[in-house]
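J.: Got a structure for you, questions after.
What follows draws every value from the coordinates through simple rules; no lab data is involved. Treat the numbers as computed from the prediction; the structure is a model and nothing was measured. Please note: Cβ atoms are built from the backbone with ideal geometry, for glycine as well, and neighbour counts cover all protein chains shown.
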Amino acid sequence: MKRIFSLILFILILACSNNATNRNPYLQEVSFRFDLNLNLPQYNPLTTTGNSVFIGNSAVGTRGVFVTNVGFNTFRAFEASCPNHVPNQCSTLNQKNTYATNATCPCEAYAYSLFTGQMTNRPQDGNRYYDLLEYRAQYSGNTVIISN
């Protein structure tokens, strides 16, 4: 019995992983809080499901944030810096218009969904690629609070 217990304990120790998180090495953790008043004209598109707004304020994220209304008073906020290389002159993602559901990196043309944050054209070359970094988005009254 003691031997079986020791074997089970040994297997459990080997099964545990030290890699609890897979942190993106290109994007740093920045702390911020930004309130979006949906009554203001620049944020009014967020009152319609499917629309996104780019917040280019230097106090929000690394390169700004994309905020998307995904429906039922639920909002998602993603970092606007491409997560697959060090921030540089071309690393800020572009969105064609507020109705576009994707944002694209002008450096390599990587595309990301503004609904899920996932890379939509991931190369199949065996390299590690990251999805968009997501921030907290909380809807309260007629305000969306973006924070990290």
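J.: Dipole size in debye (nearest 20) for the chain around its Cα centre, Lys and Arg Cβ +1, Asp and Glu Cβ -1? Intermediate results must be reported in sequence, preceding the final value.
T.: On the way: 10 positive and 7 negative charges, 94 e Å.
In debye, rounded to 20, the chain gives about 460.
J.: Of Y110, Y43, how do they rank once you tally other Cβ atoms within 10 Å and put the fewest first?
T.: So the ranking, lowest neighbour count to highest, is Y43, Y110.
J.: Stokes-Einstein diffusion coefficient for the chain at 37 °C in a medium of 0.692 mPa s, Rh from the Kirkwood formula over Cα pairs: what value in µm²/s?
T.: On the way: Rh = 17.0 Å.
For these conditions, the coefficient is 193 µm²/s.
J.: Please go through segment 34-111 and write out the trypsin sites (Lys or Arg not before Pro) that DSSP classes as loop and that have at most 15 other C-beta atoms within 10 Å. Could you put the intermediate results ahead of the total?
T.: On the way: sites: R63, R76, K96; in loops: R63, K96.
Answer by residue number: K96.
J.: Separate question: Provide the gained length on full extension for the span S58 to I4, in nm with one decimal, where the gain is 0.36 nm per separating residue minus the Cα-Cα distance.
T.: Contour length minus Cα-Cα distance gives 13.5 nm.
J.: Could you list the GluC sites (Glu not before Pro) in segment 29-125 that lie in coil according to DSSP, counting only those with at most 14 other Cβ atoms within 10 Å of their Cβ?
T.: Of the GluC sites (Glu not before Pro), the ones in loops of segment 29-125 whose Cβ has at most 14 other Cβ atoms within 10 Å are E29, E108.
J.: To the nearest 20 debye, what is the magnitude of the charge dipole of segment 75-142 about its Cα centre, counting +1 on the Cβ of each Lys and Arg and -1 on the Cβ of each Asp and Glu?
T.: So the magnitude is around 140 debye.
J.: Mind checking which of N94, N73, N84 has the largest fluctuation in a GNM of the chain, springs on alpha carbons under 10 Å?
T.: Among N94, N73, N84, the largest GNM mean-square fluctuation belongs to N73.
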